[in-house]
Amino acid sequence: MSLQACANLVARADPERFAATMAAPLTARAVLLPIYAASVEVARAPWLTQEPMIAEMRLQWWRDVFEEIETGTPRKHEVVDALSPVLGPKGAEALDAMVLARRWDIYKEGFNTVGDVLSHVQTITLGPMLAALEALDHLPEDLSALKAHATQLGLARFLRGVPALIERKTPVWAEDQKLHIYRDLCIQALDMTSDFISSPALIETAHCRRALGFVRKYPSVVEIGAIPEFRIGAVLSRGWLAWRCR
């Protein structure tokens with residue numbers, strides 16, 4: 001029931017990531033779904049309250065969870081029950097860093113530079129990506145390509161979320177910026193080396209470079225929510241290749 005609860009949570013909160021997970025083999029889904037469910041819970045924790053102290057406590061709850069899993073004393077919780085058997089030490093460390101990065105959602109202070117945004121999205125996306133690769137025994141020794149994939153996917157997801165931030169009156173930037181700042185973000189992210197990593201944990205990255213390429217050409221689409229939807233379903237063959245060639 002715990003794994004099903006994770007699947008239901010990811011399907012509701014992140015349909016695109018759920019579609020990517022369903023393109024993976026069954027054995028991989030049992031790894032991916034708990035990690036993605038934990039990421040969903042962490043992502044929404046700061047937005048469930050207007051009180052910064054309560055939001056900090058919610059995030060700390062997950063930091064404690066990851067530490068308890070590392071020490072072999074996990075608490076009872078429908079997501080934690082499924083996560084604890086698959087989460088490794090490097091994954092726990094990466095997820096802990098992801099939680100710390102989510103503190104931005106509490107205090108909502110605009111970013112100062114392109115580099116600040118890229119570092120933020122990389123840390124948030126690297127958490128579940130590294131945890132999944134470690135659990136699947138697909139984690140490369142050299143993490144440079146993995147960090148590039150995480151930055152590109154994280155940026156694509158962040159840019160799609162900019163209209164919601166604007167609607168909530170959450171500042172994206174510390175100072176007013178011209179729209180070309182989104183082009184600059186995409187140029188820097190796309191310039192990062194991202195060699196192919198053969199794993200079902202990377203199926204969700206299939207369209208991120210395409211989305212970033214579109215924004216690089218048309219940066220004005222970001223704030224009006226007009227980045228085209230590139231569905232994972234159109235690239236299931238790539239997802240198949242990602243795990244079949246192991």
**Request:** Quickly run through the range 22-79 and pick out the residues that are under 20 Å from Ser2 (Cα atoms), buried (at least 22 other Cβ atoms within 10 Å of the Cβ) and at pLDDT below 95.
**Result:** Ala24
**Prompt:** Name the pairs: first residue in the range 66-88 and touching a residue at least 24 places away in the same chain (Cβ under 8 Å) and closer than 21 Å to Asn8 by Cβ, second residue open to solvent by 20 Å² or more (accessible area, probe 1.4 Å) and among the hydroxyl-bearing types (Ser, Thr, Tyr), Cβ to Cβ under 8 Å, at least 6 apart or on different chains?
**Reply:** Glu78/Ser2; Val79/Ser2; Asp81/Ser2; Ala82/Ser2
**Complete:** Scanning the range 174-187 for residues that are touching a residue at least 24 places away in the same chain (Cβ under 8 Å) and surrounded by fewer than 16 Cβ atoms within 10 Å (Cβ to Cβ), the one farthest from the chain's Cα centre (by Cα) turns out to be Glu175
**Asked** Given the conditions (1) touching a Cys at 6+ places or on another chain (Cβ under 9 Å); (2) open to solvent by 20 Å² or more (accessible area, probe 1.4 Å), which single one is not true for Val215?
**Response** (2)
**Item:** Given (1) closer than 14 Å to Val221 by Cα; (2) part of a loop (DSSP other than H, G, I, E, B), number of the condition Gln177 does not satisfy
**Value:** (1)
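Among Ala97, Ala92, which is within 12 Å of Ile35 (Cβ to Cβ) and either of a type in the set (A, V, I, L, M, F, W, C) or open to solvent by 40 Å² or more (accessible area, probe 1.4 Å) (or both)?
Of Ala97, Ala92, the one residue that is within 12 Å of Ile35 (Cβ to Cβ) and either of a type in the set (A, V, I, L, M, F, W, C) or open to solvent by 40 Å² or more (accessible area, probe 1.4 Å) (or both) is Ala92.
So that you can scan it fast, the table gives a plain yes or no per residue for (1) outside any loop (DSSP other than H, G, I, E, B); (2) farther than 17 Å from Leu136 by Cα:
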{"residue": "Leu32", "(1), (2)": "yes, no"}
{"residue": "Leu59", "(1), (2)": "yes, yes"}
{"residue": "Glu67", "(1), (2)": "yes, yes"}
{"residue": "Pro74", "(1), (2)": "no, yes"}
**Message:** Can you confirm whether Leu87 is of a type in the set (A, V, I, L, M), open to solvent by less than 30 Å² (accessible area, probe 1.4 Å) and outside any helix (DSSP H, G or I)?
**Reply:** yes
**Request:** Could you please give the count of residues in the range 102-113 that are within 11 Å of Leu185 (Cβ to Cβ) and open to solvent by 20 Å² or more (accessible area, probe 1.4 Å)?
**Result:** 1
**Item:** Residue, nearest to Pro140 (Cα to Cα), within the range 190-220, restricted to residues that are in contact with a helix residue (DSSP H, G or I) (Cβ under 7 Å, 6 or more places away or on another chain) and among the charged types (D, E, K, R)
**Value:** Asp195
**Asked** Any idea which of Thr151, Thr123 is within 17 Å of the chain's Cα centre (by Cα), among the β-branched types (Val, Ile, Thr), open to solvent by 40 Å² or more (accessible area, probe 1.4 Å) and at pLDDT 95 or above?
**Response** Thr123
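The values are calculated or read from the model by the stated rules, or taken from the named source; none is laboratory data. What you see is a predicted model, and the numbers here were worked out from it, not measured in a lab. Every residue, glycine as well, gets a Cβ built from its backbone with ideal geometry; the counts of neighbours run over all protein chains shown. We work out accessible area using only protein heavy atoms, side chains counted, and drop any ligands, DNA or RNA first. Shrake-Rupley method; radii C 1.70, N 1.55, O 1.52, S 1.80 Å.
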